[in-house]
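Colleague: Handing you a structure now.
The values are calculated or read from the model by the stated rules, or taken from the named source; none is laboratory data. The structure displayed is predicted, hence computed values, not measured ones. Counting neighbours? That spans all protein chains shown, and the Cβs are built from the backbone with ideal geometry, glycine included.
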Amino acid sequence: MNNTNIINSLHKHDGSTVAGVMLRVCIAMIPGLLCYIWYFGWGILIQCLLAVGFALAIECLMLRQRRKQITLFLKDGSAIVTGLLFAFTVTPFTPWWITLIGITFAIVFAKHLYGGLGYNPFNPAMAGYVFVLLCFPAQMNLWPSVSGLADVAPGMVDYMSMIFLAQPSASNPIDAISGASPLNHMMSQLGLMAMVSEIQADPLYGDFAGAGWEWINMAFLLGGTALLFMRVIHWQIPVAMLAGIFIASLLFNLYDSEIYASPLFHLFAGGTMLGAFFIATDPVTASTTPRGRLIYAALIGVLAYTIRVWGGYPDGIAFAVLIANATVPLIDRYTRPRVLGENQ
């Protein structure tokens, strides 16, 4: 092989495109979406359609304002993924106007004001979610009863009434179809000096995490594993993030299992698997070096656990991701591998 062939082989393109990667990410979310619908009803699908529709419309407006080729940039699929991730993080009861505000913040302020795809330092979907969570905490903490496990499961009419009219349907009062999420319930009950074993005796909980949530997380784990096999994401980020949550929760659980929930609870509650495989792995805002990915993701895991246990927000994944995003330039600088031919 001559020198020209060696150089060409080092820079051979693997055929991946942004649109192709985004399509595979969307497909990998389908198991999680179906499981979400099974347990929580059709509200999540309505939120997905609203968020994706708003994201595409606002993306189009911003591209027009920036005098970019709308068709070319709209086809990359990044706005669709942002909309889907945002929809999976908010409660299915979220009013349509909050979804619009969150998506607007995500696309305009967290993406295009930094220069668009590839230039944004913070994950747009998480930035939009945190913005509306801070602005509208009451509406963002209203979760539906788990379908099939609760006596009264919210139906399509209930969701439509809450999302578009901001009021429950006449047949079901809001107290009958909503309540706290398992993470929120766990945090509030621990604050009232209840023991973990007592708390998990509530029907809100399943075998080791929240009823329904444990299966939703397993579905996202399945989709995330598919992304690993397709080489869409790097293994370091999900493994290190889950290890960070597992080790932190294990240490405190061993110290006192009646005050600190088990590692399995934290791994399969809330948005853990969605965060590990679909959010933290964002190639634009995550660390780009092999060692850096491990540090970046482990930081997210430890921060998420810390916020869940001692912070004011039950899940903590979004806050942890945004904080870790801010550290990426520093992490990449000090974990940059030696360039071929560079002196030590």
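Colleague: Right, G292: among the small types (G, A, S) and closer than 26 Å to L204 by Cα or not?
Modeller: No; evaluated as a whole, the condition is false for this residue.
Colleague: A follow-up question, please. How many residues does segment 310-331 contain that are touching a helix residue (DSSP H, G or I) at 6+ places or on another chain (Cβ under 7 Å) and surrounded by 18 or more Cβ atoms within 10 Å (Cβ to Cβ)?
Modeller: 13
Colleague: List the pairs whose first member sits in segment 57-81 and is not assigned by TED's automatic domain parsing to the domain that holds T281, whose second member is modelled with pLDDT under 85 and not aliphatic (A, V, I, L, M), and whose Cβ atoms are under 7 Å apart, counting only residues at least 6 apart or on separate chains?
Modeller: Correct list of pairs: L63/F73.
Colleague: Exactly one of these conditions fails for R308: (1) charged (D, E, K, R); (2) part of a helix (DSSP H, G or I); (3) over 22 Å from the mean Cα position of the chain (by Cα). Give me its number.
Modeller: All conditions pass for R308, except number (3).
Colleague: Right, something else. Of the residues that sit in segment 200-219 and are among the aliphatic types (A, V, I, L, M) and under 16 Å from P263 (Cβ atoms), which one is surrounded by the fewest Cβ atoms within 10 Å (Cβ to Cβ)?
Modeller: Checked segment 200-219; the qualifying residue surrounded by the fewest Cβ atoms within 10 Å (Cβ to Cβ) is M218.
Colleague: May I ask you to verify whether V284 is in a loop (DSSP other than H, G, I, E, B), more than 30 Å from M140 (Cα to Cα) and among the hydrophobic types (A, V, I, L, M, F, W, C)?
Modeller: No, not satisfied.
Colleague: Considering I295, I300, I247, I237, which residue is over 26 Å from P137 (Cα atoms) and under 15 Å from the mean Cα position of the chain (by Cα)?
Modeller: Going through I295, I300, I247, I237 in turn, just one is over 26 Å from P137 (Cα atoms) and under 15 Å from the mean Cα position of the chain (by Cα): I237.
Colleague: Yes or no: K12 at pLDDT below 85, within 25 Å of G223 (Cα to Cα) and either in the same structural domain as G275 (by TED's automatic domain parsing) or basic (K, R) (or both)?
Modeller: Here the answer is no, as K12 does not meet what is asked.
Colleague: Right, next: Return yes or no: is G128 over 22 Å from D315 (Cα atoms) and not assigned by TED's automatic domain parsing to the domain that holds A320?
Modeller: no
Colleague: Between T272, T327, T289, T285, which is in the same structural domain as F220 (by TED's automatic domain parsing), under 29 Å from M230 (Cβ atoms), β-branched (V, I, T) and over 19 Å from the mean Cα position of the chain (by Cα)?
Modeller: T289
Colleague: Return yes or no: is A87 crowded, with 17+ Cβ neighbours inside 10 Å, at pLDDT 95 or above and in contact with a Phe, Trp or Tyr (Cβ under 6 Å, 6 or more places away or on another chain)?
Modeller: no
Colleague: Could you check how many residues of segment 24-56 are of a type in the set (D, E, K, R) and either under 16 Å from the mean Cα position of the chain (by Cα) or farther than 14 Å from G77 by Cα (or both)?
Modeller: Here the count works out to 0.
Colleague: Which residue is surrounded by the fewest Cβ atoms within 10 Å (Cβ to Cβ), if the candidates are limited to segment 142-184 and must be at pLDDT 85 or above and within 18 Å of Y313 (Cα to Cα)?
Modeller: Per the criteria, the residue is N184.
Colleague: Taking the stated definitions as given, is G271 modelled with pLDDT under 95 and closer than 28 Å to P124 by Cα?
Modeller: yes
Colleague: Among what's in segment 100-125 and is among the small types (G, A, S) and without any contact (Cβ under 8 Å) to a residue 60 or more places away in the chain, pick the residue that is surrounded by the fewest Cβ atoms within 10 Å (Cβ to Cβ).
Modeller: Here the residue is G115.
Colleague: For segment 214-259, enumerate the residues that are outside any helix (DSSP H, G or I) and of a type in the set (D, E).
Modeller: Those that are outside any helix (DSSP H, G or I) and of a type in the set (D, E): D256, E258.
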